[in-house]
Amino acid sequence: MSFVPTRFIHASNLHLDHQPQGIGEVADEAQIILEDCTLTTFEQVVKASLEHEIDFLLLTGNTLFEEDHSIRAKIALVDGLQQLASENIQVFILPGLHDPLSVWHAQFSWPGNVTFLSPQDHDILDIMRAEETIATLQVLEPSHYKTQQSLKLNQRNQLFNKHDQRAISIGIIPANEMRELTEQSSELERSSSQILSDQIEEESVDYLALCKGTQRYTFEMEPGVAHHPGVAQGLNFDECENNGVTLVTIKPEEQLELHLLKIATVRWLMIELKLDPELSRKQLKHLMREALFSHKNGVFEKVWMVRWQLEGLGELFQSLSTFKNQSDLGLEIANEMIDQLPVHIEQSFELQSGASAFIGKPASLVVRYQDQLAAFQTETDAPLKQLLTHAAHLDQIWSHRMNSMIHNMNEQRIFNTAIRNGHDWLNLSSDEEAHS
């Protein structure tokens, strides 16, 4: 089936000017970024809309936060919507649990390109580009799926199926209806996929916009796809995965394509590390740096909120139970990373005794490995080059290639990885060592 070529952005949970939670004291630079992060993210939504030349912007719930009564949020929203209006980009807004229609209608004038979708209004809306219908949009409700809407939508789609092309049909399930669909199970994805498949199997909708929760998820439907973009900008450690908005592209040759646009300015990271009882402070710092390096910063990210979840035993682990020692360690890591990561790092620590993970002393293999690695690194002027001289199994061509690459390698990162792998591979129990 072919579609009329169309492009739109689907965003949810913008929570404009709602403040992050549970961050504690942070540096002044980070504080300003955190306070403005949702507004900055919305600016990126507008820029992305203009850059990708979308036909319309779909906002499905919780754009505002009613309890905040934020004037800044409404001013930023009006300014962004006016920028879209200047380029004839339409905006369709569905109220959510945190921003009912009463919030939107409270003594404020909105640009003419804005259309509000009432959860109680189930009429089909044509989205126009010039004289052409490029999409149909309708708010759905579970009780009417099979009795009223399916035939109506099927008939509607036929009207625009000219010359093997037709407009994409978009259905939206409001947040309150999504609660009804998913409350039968505490496992959102499992219950939603099954219940949605049962409820809308006869529904002729190409794209079903979902509005439930803060996690991003997609379900393949028959036909079409059901999708929730999640949170545009996370505001706590529970909202740390796949922040952003969704660019939906409909092309005749590729049909329907979803692409995550990562536009958040603040990333929330929870990093787990296990501390061996004999781990030194230097080795711990190696592991922490390596863990940070494993995360690639996004284009728009300015601050990383990092929560170290440490599990272990031993003197070093116990020393980190005080706030001062945690602060000192975090400051050392931040200072060492300042020229290597183009983001500001704010860190907090969460400790859990690792008695279940580390029983007794570390395996003798680990101790020997650590000693040998530390000696090799400190006693050799060019450790990587020295390693290659002992790699007799390499033929001349590969040896030449490896030598030519040495100057581009990050030596410390390689040793960090070696330390971590050694702990994972060699930390055997005494019984295991005896029988190995």
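Data for the structure
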quantity: Top-ranked residue in region 240-281 [being of a type in the set (Asp, Glu) and surrounded by fewer than 22 Cβ atoms within 10 Å (Cβ to Cβ); ranked as nearest to Phe349 (Cα to Cα)]; calculated: Glu272
quantity: Filtered residue count, region 20-34, keeping only those that are surrounded by 15 or more Cβ atoms within 10 Å (Cβ to Cβ), within 18 Å of the chain's Cα centre (by Cα) and either not in a helix (DSSP H, G or I) or not aliphatic (A, V, I, L, M) (or both); calculated: 1
quantity: Cβ pairs under 9 Å, 6+ apart, first in region 108-127 and modelled with pLDDT under 90, second among the acidic types (Asp, Glu) and outside any strand (DSSP E or B); calculated: Pro119/Glu141; Pro119/Glu177; Gln120/Glu141; His122/Glu141
quantity: Which listed residue, of Gly22, Gly61, is small (Gly, Ala, Ser), within 25 Å of Ser348 (Cβ to Cβ) and either modelled with pLDDT under 95 or not assigned by TED's automatic domain parsing to the domain that holds Pro119 (or both); calculated: Gly22
quantity: Qualifying residue in region 35-42 (condition: of a type outside the set (Phe, Trp, Tyr) and more than 18 Å from the chain's Cα centre (by Cα)); calculated: yes
quantity: Any hit, region 217-234, residues being over 26 Å from Gln19 (Cα atoms), in the same structural domain as Ile170 (by TED's automatic domain parsing) and hydroxyl-bearing (Ser, Thr, Tyr); calculated: yes
quantity: Residue match in region 270-290 (condition: within 30 Å of Gln44 (Cβ to Cβ), in a loop (DSSP other than H, G, I, E, B) and not hydrophobic (A, V, I, L, M, F, W, C)); calculated: no
quantity: Top-ranked residue in region 77-117 [being among the hydrophobic types (A, V, I, L, M, F, W, C) and part of a loop (DSSP other than H, G, I, E, B); ranked as surrounded by the fewest Cβ atoms within 10 Å (Cβ to Cβ)]; calculated: Ala106
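The values are calculated or read from the model by the stated rules, or taken from the named source; none is laboratory data. Being a predicted model, the structure only gives us computed values, none of them experimental. Here the Cβ is made from the backbone with ideal geometry for all residues, glycine too, and neighbour counts use every protein chain on show.
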